[in-house]
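> There's a structure below that I have some questions on.
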Amino acid sequence: MPALQQIEELEFAGLAVCTAEERFGQNPPAPAIVNATLEEEHRKAQVFIDTYGGKLFEGYGAIAASNEIDALYIPLPPALHFRWAKEALSNGKHVLIEKPSTLAASDTKALTELAASGALALHENYMFAFHDQLNAIQDLIADGEIGDVRLYRISFGFPKRAGNDFRYDKALGGGALFDCGGYTIKYAGMLLGDTARILCAQSNHTDAFEVDVYGSATLVNDRGVTAQIAFGMDNSYKCDLEVWGSLGSLRSGRVLTAPAGFVPTVEITHGDATETRELPSDDAFAKSLKRFVQCIHEPDVREENYGILLRQSEMVDGFLKLAKGA
């Protein structure tokens, strides 16, 4: 919301609270549980509106169909993305969707086709991709600071959260791949370029949850440049990029999660000497929103974005097939 308030072209209109059917389907639990859940949702929504203004919509379907909005942000758990993005696009709304766009490349393809048919924006909110530190790192590599790249390594993981977190719920599209793993695949694809492909993938489970808890993969491009990725949501915290070159190496932390105003750094090592340099601070949240606005107004950017969404969803699908031995 602080980022949204910076964007002149966007105005916050309100938010929706789910109905009982939208939350529980045709087989709801006991009425007391239903009522308590919806009361808590309304309480949280009212706090949000008291802070930021806007209107409270009764139901996701209601806000998706409302003539009072032009665009809808969908921050729901991943398993709900396709249904409500489709509903919003079918009602002529531009859609900003949290990652992953959907749980299957076929569903993402269907959404891009629906968006294209109505000249509507569809933007997946991988905010880190717009941070200036990524360009600064690329410039260091391109300038030959560490020589020719021999290997990229991207690691992103965090400690276990509360047991009721949607990330650990299979029915809601939980799992490490769909959460933190998507970041590492996205960044590896950016580093390796359009010819990046996944060579091998490993998905790991524990007895505690039905979803994957950590994983890893190796990607390569047509020039033979390799990226190793690792991710997890029951791990010690890491958010690192390491680049091993012929003349040296570099390492940067917080490469995927730098908040607005944070000054990231990079360590450049040559032999026994290590130098730490500051990278640009930035507001990746605001820049992702600006990209969304571009998609709304500029057909070429909108079309490019469809391709970016499809590419990411296909890479995740590829990981799943390899991890399952398909």
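> If only one of Ala65, Ala36 is without any contact (Cβ under 8 Å) to a residue 12 or more places away in the chain, more than 30 Å from Thr257 (Cα to Cα) and among the hydrophobic types (A, V, I, L, M, F, W, C), which one is it?
Ala36 is the lone residue from the list that is without any contact (Cβ under 8 Å) to a residue 12 or more places away in the chain, more than 30 Å from Thr257 (Cα to Cα) and among the hydrophobic types (A, V, I, L, M, F, W, C).
> Here is a further query. Out of the residues in segment 257-278 meeting the condition of being of a type in the set (A, V, I, L, M) and in contact with a Phe, Trp or Tyr (Cβ under 8 Å, 6 or more places away or on another chain), tell me which one is nearest to Ser155 (Cα to Cα).
The initial filter retains those residues of segment 257-278 that are of a type in the set (A, V, I, L, M), namely 258, 260, 263, 266, 268, 273.
Cutting the leftovers down to in contact with a Phe, Trp or Tyr (Cβ under 8 Å, 6 or more places away or on another chain) gives us 258, 260.
Working: Ala258: 15, Ala260: 21 Å.
Among residues in segment 257-278 that are of a type in the set (A, V, I, L, M) and in contact with a Phe, Trp or Tyr (Cβ under 8 Å, 6 or more places away or on another chain), the one nearest to Ser155 (Cα to Cα) is Ala258.
> Let me ask you something else. Sort out which residues of segment 234-265 are of a type in the set (S, T, N, Q), out of contact with any Leu (no Cβ under 6 Å at 6 or more places or on another chain) and under 13 Å from Leu134 (Cβ atoms), and write them in order of number.
Thr257
> Evaluate segment 185-205: report whether one residue or more is surrounded by 17 or more Cβ atoms within 10 Å (Cβ to Cβ), farther than 23 Å from Ser288 by Cβ, out of contact with any Leu (no Cβ under 7 Å at 6 or more places or on another chain) and polar (S, T, N, Q).
Checking segment 185-205: not a single residue is surrounded by 17 or more Cβ atoms within 10 Å (Cβ to Cβ), farther than 23 Å from Ser288 by Cβ, out of contact with any Leu (no Cβ under 7 Å at 6 or more places or on another chain) and polar (S, T, N, Q).
> Which residue out of Gly325, Gly318, Gly307 is over 15 Å from the mean Cα position of the chain (by Cα) and modelled with pLDDT under 95?
On the way: Gly318 fails: modelled with pLDDT under 95; Gly307 fails: modelled with pLDDT under 95.
Going through Gly325, Gly318, Gly307 in turn, the sole match is Gly325.
> A follow-up question, please. Can you report the number of residues in segment 1-41 which are exposed (fewer than 13 other Cβ atoms within 10 Å of the Cβ), more than 26 Å from the chain's Cα centre (by Cα) and of a type outside the set (Gly, Ala, Ser)?
Looking only at that region, the number is 9.
> Looking at segment 144-171, which of its residues are part of a strand (DSSP E or B) and basic (Lys, Arg)?
Across segment 144-171, the qualifying residues are Arg150, Arg153.
> Just give me the residues in segment 40-99 being in a helix (DSSP H, G or I), among the hydrophobic types (A, V, I, L, M, F, W, C) and farther than 20 Å from Ala121 by Cβ, in sequence order.
Once the filter is applied, which keeps residues that are in a helix (DSSP H, G or I), among the hydrophobic types (A, V, I, L, M, F, W, C) and farther than 20 Å from Ala121 by Cβ, segment 40-99 yields Ala45, Val47, Phe48, Ile49, Ala62, Ala79.
> Only one residue in Gly189, Gly163 is out of contact with any Ser or Thr (no Cβ under 8 Å at 6 or more places or on another chain), small (Gly, Ala, Ser) and closer than 21 Å to Cys239 by Cα, so which one is that?
Exactly one of Gly189, Gly163 is out of contact with any Ser or Thr (no Cβ under 8 Å at 6 or more places or on another chain), small (Gly, Ala, Ser) and closer than 21 Å to Cys239 by Cα, namely Gly189.
Results for (1) under 15 Å from the mean Cα position of the chain (by Cα); (2) small (Gly, Ala, Ser); (3) in a helix (DSSP H, G or I), shown as yes or no for each residue.
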{"residue": "Thr257", "(1), (2), (3)": "yes, no, no"}
{"residue": "Ala260", "(1), (2), (3)": "no, yes, no"}
{"residue": "Val263", "(1), (2), (3)": "no, no, no"}
{"residue": "Arg277", "(1), (2), (3)": "no, no, no"}
{"residue": "Lys287", "(1), (2), (3)": "yes, no, yes"}
{"residue": "Ile296", "(1), (2), (3)": "no, no, yes"}
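> A further question on this structure: Kindly check whether there is at least one residue in segment 208-223 that is farther than 18 Å from Gly325 by Cα and assigned to a strand (DSSP E or B).
Within segment 208-223 (the criterion being farther than 18 Å from Gly325 by Cα and assigned to a strand (DSSP E or B)), the answer is yes, since at least one residue qualifies.
> State whether the residues of segment 18-26 include one that is part of a loop (DSSP other than H, G, I, E, B), of a type in the set (S, T, N, Q) and under 20 Å from Tyr60 (Cβ atoms). Give the derivation first.
Of all residues in segment 18-26, those part of a loop (DSSP other than H, G, I, E, B) come to 18-19, 25-26.
Adding the requirement that they be of a type in the set (S, T, N, Q) leaves 19, 26.
Of the ones still in play, those that are also under 20 Å from Tyr60 (Cβ atoms) are 19, 26.
Yes: one or more hits.
> Pairs only if they're at least six apart or on different chains, beta carbon under 9 angstrom, first in segment 157-170 and in the same structural domain as Gly253 (by TED's automatic domain parsing), second of a type in the set (S, T, N, Q) and crowded, with 17+ Cβ neighbours inside 10 Å; list them, first residue then second.
Gly157/Asn235; Phe158/Asn235; Pro159/Asn235; Lys160/Asn235
> Give just the number: which of (1) more than 22 Å from Gly157 (Cβ to Cβ); (2) over 22 Å from the mean Cα position of the chain (by Cα); (3) part of a loop (DSSP other than H, G, I, E, B) does Asp282 not satisfy?
With (1) more than 22 Å from Gly157 (Cβ to Cβ); (2) over 22 Å from the mean Cα position of the chain (by Cα); (3) part of a loop (DSSP other than H, G, I, E, B) applied to Asp282, the lone miss is (2).
The values are calculated or read from the model by the stated rules, or taken from the named source; none is laboratory data. Note that this is a predicted model, so its numbers are computed, not measured. When we count neighbours, we look across all protein chains shown, and the Cβ atoms used for this are built from the backbone with ideal geometry, even at glycine.
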